[in-house]
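Student: Here it is, the structure in full.
The values are calculated or read from the model by the stated rules, or taken from the named source; none is laboratory data. Every value quoted in this text rests on a predicted model; they were computed, and no experiment measured them. Here the Cβ is made from the backbone with ideal geometry for all residues, glycine too, and neighbour counts use every protein chain on show. All accessible areas refer to the heavy atoms of the entire protein, side chains included, with ligands and DNA or RNA removed. Shrake-Rupley method; radii C 1.70, N 1.55, O 1.52, S 1.80 Å.
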Amino acid sequence: MAADVEFKIGTFAKGSGHPYAGLVLDETALDLEAVLRRLGLAKAEATLTVRTMLDDWEASFERLRNAANRVASDGLAKWRDLAAGLDPVRILPPVHPPGALLQSAANYRTHVIQLTVAHRFKGLGITEGMSDAEVYAKAAAMMEERARTGTPFIFAGTTAAMCGARDDVILPRRGTQHDWELELAVIIGRRARNVSRERALDYVAGYTICNDLTTRDLVARKDNVELGLDWIGSKNAPTFFPTGPFLVPRAFVPDPMKLRITLKLNGQTMQDETTADMIFDVPRLIEYTSTVTLMEPGDMLLTGSPAGNGSHWKRFLRPGDVMESSITGLGTQVNRCIAEEG
């Protein structure tokens, strides 16, 4: 599956207008439904959205491929009436309406080791009497064993936390240790159940960027220790899930395990790691998750966050902070932090 012209798709809005699906070429978003109609490639959808295109992704990709090639052949100037620059429009999460959010916890070796040193997780059999170096060495050995014999840890999030790649992030009044977690997200393009690792990438429509923010001091519930960690309460405040800017088709991401993930806070690099540091790679995550639940087109599977979170730096988000986040070939997010009103 290959296209002559590389393109992205996403969901956009002009001012307070309704969201629309866009075809992105050279930092320009074209109204996708209008483009397909003009080219005679439109289907009979009541409303064309990125989500409806994912329902039949193979056919949709070919339509998009043909449209991108023909627009590029004409030159964008001839399509000016259907185009908008990315600066004036609002960039929404690319899959609209969103599917399920499935998230992978503790999936980067160095990240888990750093968290272990920072928090001295008692559940890992590490005592407070050990030095940082001893804790680090023990955690590193445990991660190697987990990669060899373990399984991923998957949990669910809520779409109510999603916001766009350039939206403000609202820091809630609950908790104080608001932390960043930049992640590669996999967008599912085919119904997936009990998928083999060898065929797992066949079920991927494309990739995008997510910043799965977490309020660290709300993760462990002191009133219900026996119930474990509170992922809903610590991760799902409104705007705590900046997503996008685009869906980049799988055809244009030759190897998801060779992407660089970078997050800068107020211009200072905090996270800078490649996806090669994953404990469980993308095919293994899809294989495992599809044995746990049914994945549908439009669902998004997060793959974990690399080292360099606020817990490691002992620096959490404050009003006025600006996060600039990027992953190789997938675009950039810029999110300013503001305090919750009231």
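Student: Considering every residue within the range 192-200, establish whether at least one is basic (K, R), within 21 Å of S325 (Cβ to Cβ) and either open to solvent by less than 10 Å² (accessible area, probe 1.4 Å) or part of a helix (DSSP H, G or I) (or both). Before you say what the answer is, go through the steps one by one.
Tutor: First pass over the range 192-200, keeping only residues basic (K, R): 193, 197, 199.
Okay, now just the ones that are also within 21 Å of S325 (Cβ to Cβ), so none.
No, that holds for no residue.
Student: Looking only at strands (runs of 3 or more DSSP E) that fall completely inside the range 226-341, which ones have 2 or more residues that are of a type in the set (D, E)?
Tutor: In the range 226-341, the matching strands (runs of 3 or more DSSP E) lie at 268-274.
Student: Given the conditions (1) touching a Ser or Thr at 6+ places or on another chain (Cβ under 7 Å); (2) modelled with pLDDT under 95; (3) of a type in the set (D, E), report the number of the one that D272 does not fulfil.
Tutor: Here D272 clears every test but (2).
Student: Considering only the range 32-119, give the strands (runs of 3 or more DSSP E) lying wholly within it that have at least 3 residues that are out of contact with any Leu (no Cβ under 8 Å at 6 or more places or on another chain), touching a residue at least 40 places away in the same chain (Cβ under 8 Å) and under 30 Å from A160 (Cβ atoms). Working first, answer last.
Tutor: Numbers: elements: 83-85, 90-92, 101-105.
Filter on the range 32-119 gives 90-92.
Student: Name, by its number, the condition in (1) small (G, A, S); (2) within 25 Å of P254 (Cα to Cα); (3) surrounded by 14 or more Cβ atoms within 10 Å (Cβ to Cβ) that does not hold for A34.
Tutor: If we test A34 against (1) small (G, A, S); (2) within 25 Å of P254 (Cα to Cα); (3) surrounded by 14 or more Cβ atoms within 10 Å (Cβ to Cβ), just (2) comes out false.
Student: Among the candidates V334, V292, V248, V282, single out the residue that is under 27 Å from R65 (Cα atoms) and either open to solvent by 10 Å² or more (accessible area, probe 1.4 Å) or touching a helix residue (DSSP H, G or I) at 6+ places or on another chain (Cβ under 6 Å) (or both).
Tutor: Exactly one residue qualifies, and that residue is V282.
Student: Related question: Looking only at residues in the range 77-88 that are closer than 17 Å to E33 by Cα and surrounded by 15 or more Cβ atoms within 10 Å (Cβ to Cβ), which one is modelled with the lowest pLDDT?
Tutor: That would be A84.
Student: Another question about this same structure. Scan the range 263-275 for residues that are buried (at least 19 other Cβ atoms within 10 Å of the Cβ), closer than 12 Å to N309 by Cα, touching a Leu at 6+ places or on another chain (Cβ under 8 Å) and not hydrophobic (A, V, I, L, M, F, W, C) and jot them down.
Tutor: Q271 - this is the single residue of the range 263-275 that is buried (at least 19 other Cβ atoms within 10 Å of the Cβ), closer than 12 Å to N309 by Cα, touching a Leu at 6+ places or on another chain (Cβ under 8 Å) and not hydrophobic (A, V, I, L, M, F, W, C).
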